[in-house]
Amino acid sequence: MYAKPAIGGRLILALLALLILASPLHVRADDEEGATQPLKQEDLFKLSLEDLMNVEITSVSKQKQRVSQAPAAVTVISQDDIRRSGLNSIAELLRLSPGLDVARLSGSITAVSSRGFNDIYANKLLVVMDGRTLYTPLFSGVYWEAADYVLQDLERIEVVRGPGATLWGANAVNGVINITTKSARETQGLLVAGRAGNEEYDSSLRYGGKIDDNTYYRVYGKWRDVDNLSLANGDEAHDGWDSLRGGFRIDRYASDKDTLTFQGDVFTSRLGEMLSLPSFVPPTFRTTRVGAASESGGNVLARWTHVISDVSDFTVQAYYDRFEIKDPQLSYKQNTFDIDLQHRFSPFAKQEVIWGAGFRFLTDDLGGSDVMQFDPAKRDAYIANAFIQDDFTLIPDRVHLFLGSKFEMNSYSGLEIQPSARVLWTPDEKNSFWLAISRAVRTPSRFEEDGRITLNRALDPQSGIPVIADTRGNTGLESEKLVAYEVGYRAQPSKAVTIDVAAFANVYDDVRSLDPAAPSLEFTPPVPHVRIPVDVQNKLRAESYGVELAGNWNVTPDWRLSASYTFLTVQVHQSSSSTDAINQDLIEGSSPRNQFQIHSYYNITKDLELNSSLYYVEHLRSGDVPSYLRLDAAVTWRPKKDLELTVGIQNALDDRHPEFGNSLNTLSNEVPRSVFAQLVWKF
C-alpha cells in the first residue's frame, strides 16, 4: 500500500520553497544609455490586472463580453499563463483553473471534471476547440490524449464552471471548456519548439505566411513521445505513448465585414496499456494484460463570420470529424458531420438577442471482445437543436437579466429543454455580483444503451466460486438531469488585486446506476459459474455543494501571485428499488473535497524570469488515493527577442505519487518527478 505522505511537514517546506523561489531580488534593468531603471509593468506582464478583468470572452454568452461582466464562474487561461506554467498538454493546463479536478491515471489517460463526478470516463463536461466539439457519444466524454496542438499557437482556454447547456447543449452539465487557437494572421513566420526530459520528448514546427494581402495561412507538425509511468512497486506500467499530428489554417479577411476560416488536422497515436482484469484463474483470480492501442483521426472545418452592424452579426460553421481507436478490448470508428448557425442582433436599445440552430449527424462502427460487446455494432445518431438568449438591460450599466433556453432533439432521449436565468449587478466599475439558476441534461451514451461488459471474477477466493458480472445496456434510459443554483462576486479593490468568488448547489436526478439482478447458476465453459446480470438504470440522485475562490495580486511591478481554493462535497442517494452497491461510493469519493494552488510569476530582468507553482489535492476515498502536494518551478531566459530557453522541474516533492483510483484498471499508476528543458525559437 502506498504510504501516505506527511502533508503538514511537506506543506511547510513547499511554501518556504515557493516563497524563496518567488522572492523579489530587486534586480533592475539597464536602459539603452546604461542608466539603471525599474522594469516597467508592461515589460513584465502583457496585461495589467484591470486589463485581465476586461478580457473579452465568448463562452458564457456566445458573444464577446468582458470577464467582469460575465454572469457565470469563468476562468481564462491566457497564452502567458500557458507559457509560464511549464505544463505541456491541454489536459494538464486545466490544473490552472479553480473548480476543476485533473488527475493523471496513466501515460496517456487523464481524468478531468468540473464540480465532482470525476472518472476515467467523466461525462458531464463539454469541450470545444475552435467551434468543434471534442465530445464522443461512446461514453459522453473526451479522449484527452487526442486533444493536442502546438501550445504556442493557443490563444486561450476559457473554462466555465457550472452548466452551459442553454447555449452549448446537452452534456454541458458541470462545465464548458472552450479552447481557442490564434488566427493565421497572428502566427506568421517560422516557429520551432522542442522539449526534452526524463518523462517526455516533443517537438513542434509551424510556418505561417500570406497568400495575398487579405489571406493568411499556417501549417504545423508536432511529435510527442511520453515515457511509461510506474506502478506502486516501482515496475513499469507499460503505458507510454507517442503521437504524430499536423494541420493547417487559412484566414481570409474578404472585407471589413467578412472573415472566412478554413482549417483541419490529422493525427495518429500509439498508446501502451496494462490492465488488471478479473479471471477464473486462482489464486488471485485476476489476470494482467499488457497491450497497445492505436488512435487516428482528422477533421476539416469552415466558418464564415459576417458583421452587419455594431450590434448585429452572424456566423455559419460546418465541420467533419473522424476518429478511430483500436485496442485489445474495443475497436471504434466515429464520423461526425455538423452544421451550425448563430445570429446576434439588437431589436431595441436595451435588449440584445442571440439565437442559433444546428444539426449534427453521427455514424459509428464498433467491434468488441470477450470483455466488451455492442448490439447493434453500427448505429446512426442525430442531434437537432435551436437556442435563444435575451440580454435585457434593466438599469443601464448596472443591472442585466439574461433569459434563454436550448431546445434539443436527439436520437437517444428525444426532446430536451434546458433553460437558464441569470442576473448581473454591477454597482460600480470595480464590483459585480451575479446569480443564476439553470437546467442541464446529459444524454445516454452509446455504451449505456447498447453496450455489454462481461467481467469474470471470484465471488469468494477461499471457496473459489466463479462469478460472471454481466453489465447490460438499457435502451429505455432517461437523460441525467441537473438543476444548478449559483451565486458569484468579482471585485478589483485596488489596481494590484482582483478577487473572484463563486458558490453553487447542484441537484441531480436520474443519475446512472448499475443495479444487479437475480443471479443464476450456469454450467457453460470455461467452468460452472454464477452469472449476475447488472442493468444500467437511472436510480440514483445526488447533490453537490461547493465554493471556489480565486485571486491575483501584483505584489510589485515585477512580481505577480495568483491563487485559488476549491471546496466540494458530493452526496449520492439510491432510490428504494436500486440495488447499486458501487456507484454511490465511487461518485462521492472520486473528487477531492479540498484543493488549492498558488502560482508565482517573477521577472528578474526583462530577459530572465522565475515561475513556480504549488498544488495541493486532498485524498480520494475512492481507491484510497492519498493527498499530495506538487511543486513545479522553472527558469526562462530570452537571450534574444525571439529565442526562449526554459529549464524546470515538476512534482519536485515526490519521487512519484498516484493521482486517481480506477475501478477497471486496479493497477496504481503513479506520476513521477520530472525535469525538462525547452526551446522556443521564432523566425
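Please treat every number below as a calculation from the coordinates, not as lab data. All of these numbers come straight from a predicted model, not from anything done at the bench. As a convention, Cβ positions derive from the backbone with ideal geometry for all residues, glycine included, and neighbour counts pool all protein chains shown.
In the chain, helices alone account for a calculated mean residue ellipticity at 222 nm of -2000 deg cm²/dmol, with every DSSP H run of four or more residues adding -39,500 (n - 2.57). Take the Cα of ARG531, step 7 Å toward its Cβ, do the same at MET409, and the gap between the two points is 3.9 nm.
Peptides 204-217, 473-486, ordered by how many other C-beta atoms sit within 10 Å of their residues on average, highest first, read 473-486, 204-217. Using the Cβ of ILE417 as centre and a radius below 9 Å, the other residues enclosed give a net charge of 0, where K and R count +1 and D and E count -1. Taking Cβ atoms as reference points and 11 Å as the exclusive limit, the residues near LYS182 contribute a net charge of 0, counting Lys and Arg as +1 and Asp and Glu as -1. For a paramagnetic label modelled on ASP397 (point 7 Å from Cα along Cα→Cβ), amide N atoms under 16 Å away belong, within segment 411-439, to 425-432.
Would you mind checking the pairs LYS350/LYS406; LYS182/LYS640; LYS64/LYS257 and listing those with alpha carbons more than 19 angstrom apart?
On the way: LYS350/LYS406 23 Å; LYS182/LYS640 23 Å; LYS64/LYS257 16 Å.
Cα-Cα > 19 Å for LYS350/LYS406; LYS182/LYS640; rest within.
Please give me, ordered by residue number, the trypsin sites (Lys or Arg not before Pro) of segment 296-397 that lie in loop per DSSP and have at most 13 other Cβ atoms within 10 Å. Mind dumping the intermediate values first?
Numbers: sites: ARG303, ARG322, LYS326, LYS333, ARG344, LYS350, ARG360, LYS378, ARG379; in loops: LYS350.
Here the sparse-neighbourhood loop sites are LYS350.
Kindly give Rg over Rh for the chain, based on alpha-carbon atoms, with the Kirkwood expression for the hydrodynamic radius. Please report the intermediate quantities before stating the final value.
Values: Rg = 25.4 Å, Rh = 26.5 Å.
The Rg/Rh ratio comes out at 0.96.
Bridges between two residues of segment 7-682, per DSSP, are antiparallel at a rate of about 95%.
In percent, what relative contact order does segment 7-682 have, based on Cα pairs under 8 Å that are 6 or more apart in sequence?
Working: 1883 pairs, mean separation 86.7, N = 676.
Relative contact order here is 13 percent.
Packing order of peptides 395-408, 530-543, highest average first: 530-543, 395-408 (average count of other Cβ atoms within 10 Å over each peptide's residues).
Here segment 514-537 and segment 244-267 have alpha carbon centers that stand 53 Å from each other.
Stretching the chain fully between THR268 and THR58 yields a gain of 72.5 nm (0.36 nm per residue, less the alpha carbon separation).
Computed from backbone phi, the HN-Hα couplings of segment 234-248 come to x, 6, 5, 8, 6, 10, x, 7, 9, 8, 9, 9, x, x, 8 Hz, rounded to whole numbers (Karplus: 6.51 cos²θ - 1.76 cosθ + 1.60, θ = phi - 60°; Gly and Pro given as x). The alpha carbon centroids of segment 612-661 and segment 325-351 are separated by 34 Å.
Within the shell of other residues whose beta carbon sits under 10 angstrom from the beta carbon of LYS641, the net charge comes to 0, with Lys and Arg scored +1 and Asp and Glu -1.
Dipole size in debye (nearest 20) for the chain around its Cα centre, Lys and Arg Cβ +1, Asp and Glu Cβ -1? Can you show the working numbers first?
Working: 69 positive and 89 negative charges, 74 e Å.
For this selection, approximately 360 debye.
What FRET efficiency, computed as 1/(1 + (r/R0)^6) with R0 = 22 Å and r the Cβ-Cβ distance, is obtained for ASP607 and ALA677, rounded to the nearest 0.05? FRET efficiency, ASP607 to ALA677: 0.80.
Given the alpha-carbon gyration tensor of segment 420-563, what are the semi-axes of its equivalent ellipsoid in whole angstrom, ordered largest first, with each equal to the square root of 5 times an eigenvalue? Each step should come with its number before you reach the end.
Details: eigenvalues 535, 84, 24 Å².
The answer is 52, 21, 11 Å, longest axis first.
For segment 63-113, applying the loop criterion from DSSP together with a ceiling of 16 other beta carbons within 10 Å to the trypsin sites (Lys or Arg not before Pro) yields LYS64. Segment 68-129 and segment 195-236 have Cα centres spaced 19 Å apart. Rounded to the nearest Hz, the phi-derived 3J(HN,Hα) couplings of segment 223-229 under the Karplus curve 6.51 cos²θ - 1.76 cosθ + 1.60 (θ = phi - 60°) are 10, 9, 9, 10, 6, 5, 7, where x marks glycine and proline. Ranking GLN418, ILE354, TRP223 by Cα position along the charge dipole of the chain, where only Lys, Arg, Asp and Glu carry charges on their C-beta atoms, puts ILE354 farthest toward the positive end.
Taking a straight Cα-Cα cut-off under 27 Å and skipping sequence neighbours fewer than 8 places away in the same chain, the lysines within cross-link reach of LYS333 are LYS124, LYS222, LYS378.
Taking neighbour Cβ counts within 10 Å as the exposure measure, how do GLU609, GLU56 sort from fewest upward? Don't skip to the answer; put the middle values down first.
Numbers: GLU609 21, GLU56 12.
By the 10 Å Cβ count, ascending, the order reads GLU56, GLU609.
Under the 0.36 nm per residue contour assumption, what length would be gained going from the current alpha-carbon distance of THR305 and ASP256 to full extension?
Numbers: separation 49, 0.36 × 49 = 17.64 nm, distance 1.08 nm.
Roughly 16.6 nm would be gained on extension.
Equivalent-ellipsoid semi-axes for segment 77-200 (Cα gyration tensor, √(5λ), whole Å, largest first): 24, 18, 13.
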